[in-house]
Amino acid sequence: MNFRRTYAIVLRHFYLIRGSIARVMPLFIWVVVDIILWGFLTRYLNSVSASSLNFVPMLLGAVLLWDFFMRVMQGVTMAFFEDVWARNFLNIFATPLTIAEYLSGLVISSIATSMIGLVFMLVLAMLVFGLSFAAYGLLIIPFMLVLFMFGIAMGIFGCAIVLRFGPASEWFIWPIPALVSPFVGVLYPLAVLPGWMRYISYLLPPSYVFEGMRSILATGNMDVTTLWWGLSLAVLYVVLACCFFTGIYHYAVRTGLIARYSSESVS
Amino acid sequence: MNQTAELKPASAISVLAARGLQKRYGAVVAADDVSFNVGRQEIVGLLGPNGAGKTTIISMLLGVLTPDAGTITIDGIDLAAQRSQALQHANFAAVYAPLPGNLTVIQNLRIFGMLYGIKNLSARIDDLLIQYDLTKFCKSKCGVLSSGEQTRVSLAKAMLNKPDLLLLDEPTASLDPAVARDIRRQMSDFATYGGGGVLWASHNMTEVVDVCHRVLFLSHGKIVLEGNPKTLPEEYGKRNLEELFIAVAREPLALELV
């Protein structure tokens with residue numbers, strides 16, 4: 001593992017973001033939209049609800065955490081798509097760069113961009129709607145770690161899909177968070193889901209985060225064992241996603257996809 | 001006119017050894033038992049009609065296409081077993097692989113310099129900007145440069161690591177004659193004084209005669225002819241390399257020594 005080569009991938013992404021307002025704005029725009037939309041909704045629910053439930057940490061906090069997951073995933077895929085859009089695979093993969101170094105570069109790029117979004121979200125949600133992550137205690141750290149790792153796994157999985165099926169398959173990647181969200185109970189407890197959906201939920205690490213988050217807000221504690229399960233699943237998905245990407249890369253090198261990527265298929 | 005092809009390779013040590021390369025795409029045979037060497041200080045022309053397998057061979061040498069069979073060693077390092085180390089000794093410029101247009105010249109050179117592990121990178125970039133007359137474009141995005149300027153940036157990238165093996169796929173295709181001549185001279189100087197070997201794919205036969213010490217003619221994925229580009233046409237009863245090329249492209253099996 002050569003860290004200078006990994007740094008080159010990160011630096012490339014930094015140059016692109018620094019030089020383009022079109023890449024800077026999405027780091028903030030959707031965050032602002034989500035916080036404003038869900039912030040006012042929770043404020044309204046607090047005002048009309050007869051219960052003493054505080055919807056701000058319950059709903060706005062959940063949306064913020066889910067946004068963090070999406071930023072992490074998109075951080076990885078966007079850094080990868082830059083090579084897709086610039087048709088840069090031949091140049092990149094004909095260098096001494098290894099797959100581990102390349103993926104590490106994508107992940108570090110994602111950490112940087114998602115952290116910018118997270119800090120901006122937190123500040124906005126705290127200043128305007130009074131949301132504080134202190135409501136979740138120290139467990140916010142493993143919560144975010146699980147979401148971060150699952151975001152990395154989904155991002156790498158998405159990159160592998162686009163590498164295999166060509167630039168047009170970007171379409172498959174953007175809706176992944178929307179497809180996953182009903183199963184992980186971002187806005188509602190898993191208990192409201194039908195049995196077959198709950199079985200899928202148990203396989204998805206964010207389910208344990210959002211269930212745990214609601215449990216803390218309702219009772220002040222949670223079963224930490226379930227969080228370990230979520231964390232283990234997230235680690236497993238990262239490993240599987242890396243193996244999947246590596247397998248697709250070797251397929252692409254064997255079939256000539258890398259050399260003729262824009263053709264989308266060489267079979 | 002003839003600049004450097006008169007210079008004989010000073011060393012017979014191979015920087016590239018390809019042995020028994022095979023590649024099929026379904027029923028299409030893109031490379032069929034291809035074996036050749038490129039020596040130090042040698043420029044080898046890779047010639048053949050469209051679809052003959054030149055780009056397939058270059059892709060295999062760059063490690064972006066795995067051969068179905070055969071081995072490739074670059075500077076004595078097995079590409080399949082030690083891909084990263086082997087590619088440290090190689091580089092390439094191809095007309096179909098421009099550098100990202102959304103980065104500036106200097107940003108592209110810095111990133112690829114880091115990927116190739118260049119020491120004293122800033123000084124190396126400064127040298128290359130001067131050598132390829134790119135100083136005034138160093139802060140321009142590559143996408144806004146003319147195709148000739150982009151080619152020069154690709155060549156500067158290809159020279160970042162002073163490669164032992166330089167692969168060029170039609171490097172002068174988009175250059176005006178004056179710049180193309182300068183580039184040919186620079187590549188010849190690189191082989192002569194830098195000690196690297198060059199594999200040069202081209203359809204420009206005048207250029208090939210000008211710079212190449214040896215040529216390989218490909219047809220249907222096979223090397224059908226090999227020799228000195230100055231003497232080879234006469235050996236096969238042709239007036240020049242272009243006539244020989246056309247004969248190889250049309251009827252490779254009908255070629256006979258005279």
Where a residue in the stretch A:144-165 is within 19 Å of A:Met121 (Cβ to Cβ) and its partner, wherever it lies, is assigned to a helix (DSSP H, G or I) and aromatic (Phe, Trp, Tyr), with Cβ under 7 Å and at least six apart: A:Met144/A:Phe68; A:Val146/A:Tyr208; A:Leu147/A:Phe68; A:Leu147/A:Phe69; A:Phe150/A:Phe69; A:Phe150/A:Tyr237; A:Gly151/A:Phe69
Just to be sure I understand, how many residues within the stretch B:142-172 are surrounded by fewer than 17 Cβ atoms within 10 Å (Cβ to Cβ) and assigned to a loop (DSSP other than H, G, I, E, B)? 2
Under 6 Å between Cβ atoms, which residue pairs at least 6 apart in sequence (or on different chains) link something in the stretch B:57-73 that is within 12 Å of chain A (Cβ to nearest Cβ) with a partner that is crowded, with 19+ Cβ neighbours inside 10 Å and of a type in the set (Gly, Ala, Ser)? B:Ile57/B:Ala31; B:Ser59/A:Ala259; B:Leu62/A:Ala94; B:Val64/A:Ala94; B:Val64/A:Ala259; B:Leu65/A:Gly256; B:Leu65/A:Ala259; B:Leu65/B:Ser59
Turns out the helices (runs of 4 or more DSSP H) fully within the stretch A:1-114 with at least 1 residues that are within 14 Å of another protein chain (Cβ to nearest Cβ) are A:3-18, A:21-24, A:61-85, A:89-93
B:Val95: passes all of (1) within 11 Å of chain A (Cβ to nearest Cβ); (2) touching a Ser or Thr at 6+ places or on another chain (Cβ under 9 Å) but (1)
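Within the stretch B:77-92, track down each residue that is touching a residue at least 40 places away in the same chain (Cβ under 8 Å) and either in contact with a Pro (Cβ under 7 Å, 6 or more places away or on another chain) or more than 8 Å from chain A (Cβ to nearest Cβ) (or both).
B:Gln88, B:His89, B:Ala90, B:Asn91
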From the residues in the stretch A:115-124 that are closer than 22 Å to A:Ser181 by Cα and touching a residue at least 40 places away in the same chain (Cβ under 8 Å), which one is farthest from the other protein chains (Cβ to nearest Cβ)? A:Leu122
On the basis of being surrounded by fewer than 21 Cβ atoms within 10 Å (Cβ to Cβ) and away from chain B (no Cβ under 14 Å), does A:Phe210 make the cut? no
Does B:Lys136 count as free of Cβ contacts under 8 Å to residues at least 12 places away in the same chain and out of contact with any Lys or Arg (no Cβ under 8 Å at 6 or more places or on another chain)? yes
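No lab work stands behind these numbers, since they all come straight from the coordinates. Being a predicted model, the structure only gives us computed values, none of them experimental. In this analysis, Cβ positions are derived from the backbone assuming ideal geometry, glycine residues included, and neighbour counts consider all displayed protein chains.
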